[in-house]
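Below: the structure, in structure tokens.
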Amino acid sequence: MNANIKVQTILKGKQRILAVVAHPDDFEDYFSGTMLIAIEKGWIKPENINLLIVTDGSNGSRGTIVDPEVLKKLRHEEQMKALDHVGIPRENCHFLDFKDGYVHNNENQLTERISYFIRKLKPDLLLTHNGFEAIIERQSGMYYIHKDHRVVGQAALDAAYPYSRDLLFFPEHHKEGLEGHFLLEVLIAETQYPNVKVDITKKMPEKIALLKNFMSQIESDDWLYKYFKDTTGEGDRYLESYKFVKIII
Ligand SMILES: [Zn+2]
């Protein structure tokens, strides 16, 4: 296996990137350093990035006195401010508003929603979570991956193939005028076995600034730096690492 694919060979010239993530702030947590580098280098344009955010974020708090409806609204607003920061148009962000923490893919309902947006937006690259590894090892220990991330990661891959390609799945989409779309390339975050590693050390101040839009989720700059060093760092470097997958038929 090629364990060191250069990220520019994947990103250069991509016309439509779709990030399918579980929560508001996941795009920033897992992909923002890489996207900021790609935008700065001119490999991609921010207006070519779309987000599909599956849950409403209404349970993403460690306290109990927070009203889920208030938190949902706050997290939508936080997400929009973060997109402004990167230059991604607000209309490129789509909320599915499944209930935070309770995402299932019963009767392929989630796959249907993701397939709908794949058919509509016709991305040439999908960014998503890892739906296939529950525990991954990092330099500071073993980490358990959030259930919503695993459910969304699996549904997103299934939506990419075969559901969004084959028109007999979810025929109501075709009646709406949508065509099948075959999405070939996927970058998966949160993996024990990355084949793409992006050194984002220089972009860390910008990534931290971006994440500070999500005031409901973070504690301090130091906490964020430590979190990223522990979970995705290597030595003194801050990385975003991915498994790059091509879908073969
Ligand atoms: Zn998340």
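Read-outs throughout are calculated quantities, based only on the coordinates presented, and are distinct from any laboratory measurement. Bear in mind the structure is a predicted one, so any value in this text is a computation, not a measurement. Cβ: placed from backbone, ideal geometry, glycine included. Neighbour counts: every protein chain shown.
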Out of all Cα-Cα pairs in region 121-249, roughly what percent, to the nearest whole number, are more than 20 Å apart? 56 percent
Could you work out how much longer the chain between Glu40 and His76 gets when fully extended? Use 0.36 nm per residue separation minus the Cα distance between them, nm to one decimal. 10.4 nm
Identify all lysines with a Cα-Cα distance to Lys175 below 20 Å; exclude those on the same chain that are fewer than 8 residues away in sequence. Lys120, Lys122
Counting Lys and Arg as +1 and Asp and Glu as -1, what is the net charge of the other residues whose Cβ lies under 15 Å from the Cβ of His173? +1
Under the Kirkwood approximation applied to all pairs of distinct alpha-carbon atoms, what is the hydrodynamic radius of region 196-235 in Å? 10.8 Å
Could you compute Rg(Cα) / (2.2 N^0.38 Å) for region 73-149, with N its residue count? 1.33
Please tell me the relative contact order of the chain in percent, rounded to the nearest whole number, where contacts are Cα pairs under 8 Å and at least six residues apart. 25 percent
Below 14 Å, Cα to Cα, which aspartates and glutamates can Lys99 reach? Residues fewer than 8 away in the same chain don't count. Asp56, Asp67, Glu69, Asp148
My understanding is that a pair violates if its Cα-Cα distance is over 24 Å; which of Lys45/Lys197; Lys72/Lys207; Lys72/Lys202 do that in this structure? Lys72/Lys202
Hey, got a sec? Which trypsin sites (Lys or Arg not before Pro) in region 146-197 land in a DSSP loop and have at most 14 other Cβ atoms within 10 Å? none
Over all Cα pairs of the chain, the Kirkwood radius sets Rh, and Rg/Rh then becomes 0.94
